[in-house]
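One structure is given below, encoded as structure tokens.
Each reported figure results from applying straightforward, stated rules to the coordinates on display, with no laboratory input. Every value quoted in this text rests on a predicted model; they were computed, and no experiment measured them. All Cβ positions, even for glycine, are placed from backbone atoms using ideal geometry, and neighbour counts span all protein chains on display.
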Amino acid sequence: MTEIKPRSAADFGMTMTARAAERIKALRTAEGESTRLRLEVVGGGCSGFQYTFSLADHDNDDDLRIERDGATIVVDETSVSLLQGSEVDFHEGLDGSMFTVSNPNATASCGCGTSFAVG
């Protein structure tokens, strides 16, 4: 496997909030120091595309990184094209706890916030 040269969030305009970074660091403490959050965009959902989040312990060859305060999110190059300028946050409320994406490219989204369309 080739060594991945980390790319900064500035390369593709994505950021994460301090809340998201804190939650990722808590997951890393529970799951292992190499744990990072993987964000992908896949086809489906009620609006055309949907966000999926999972834990990963390594970068793939086509991953781009968002780093803040010791936390890392990895995003594949295909998903980045739909996420340019987005911000990843972590929300805790009566409706549950979840990572969310504020995506300026989305022209429509569903009520659950995990599905979106682009125009």
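Output wanted: per-residue J couplings in Hz (rounded whole) for segment 72-84, from phi through Karplus 6.51 cos²θ - 1.76 cosθ + 1.60, θ = phi - 60°, x for Gly and Pro.
Here the 3J(HN,Hα) series is 10, 10, 10, 9, 6, 4, 5, 5, 4, 4, 8, 10, 3 Hz.
Note the full-extension length gain between LEU82 and LEU55 as 0.36 nm times their separation in residues minus their Cα-Cα distance, in nm to one decimal.
7.7 nm
Neighbour counts of other C-beta atoms within 10 Å: give me HIS58, HIS91 arranged from fewest to most.
Sorted ascending by nearby Cβ count, the order is HIS58, HIS91.
Can you pull the one-decimal nm distance between simple spin-label points at LEU27 and CYS46, each 7 Å off the Cα toward Cβ?
Result for the modelled spin labels: 2.4 nm.
Treat the count of other C-beta atoms within 10 Å as a stand-in for reagent exposure and order SER97, SER86, SER79 from fewest to most.
Ordered by Cβ neighbours within 10 Å, fewest first: SER97, SER79, SER86.
Over all distinct Cα pairs, what is the inverse of the mean 1/r for segment 9-111, reported as the Kirkwood hydrodynamic radius in Å?
It works out to 14.0 Å.
Using the beta-carbon distance between SER34 and ASP95 and R0 = 35 Å, what value does 1/(1 + (r/R0)^6) give for FRET efficiency, to the nearest 0.05?
Calculated transfer efficiency: 0.70.
Under 8 Å for C-alpha pairs, at least 6 residues apart: give me the relative contact order for segment 9-111, rounded to a whole percent.
Relative contact order comes out at 31 percent.
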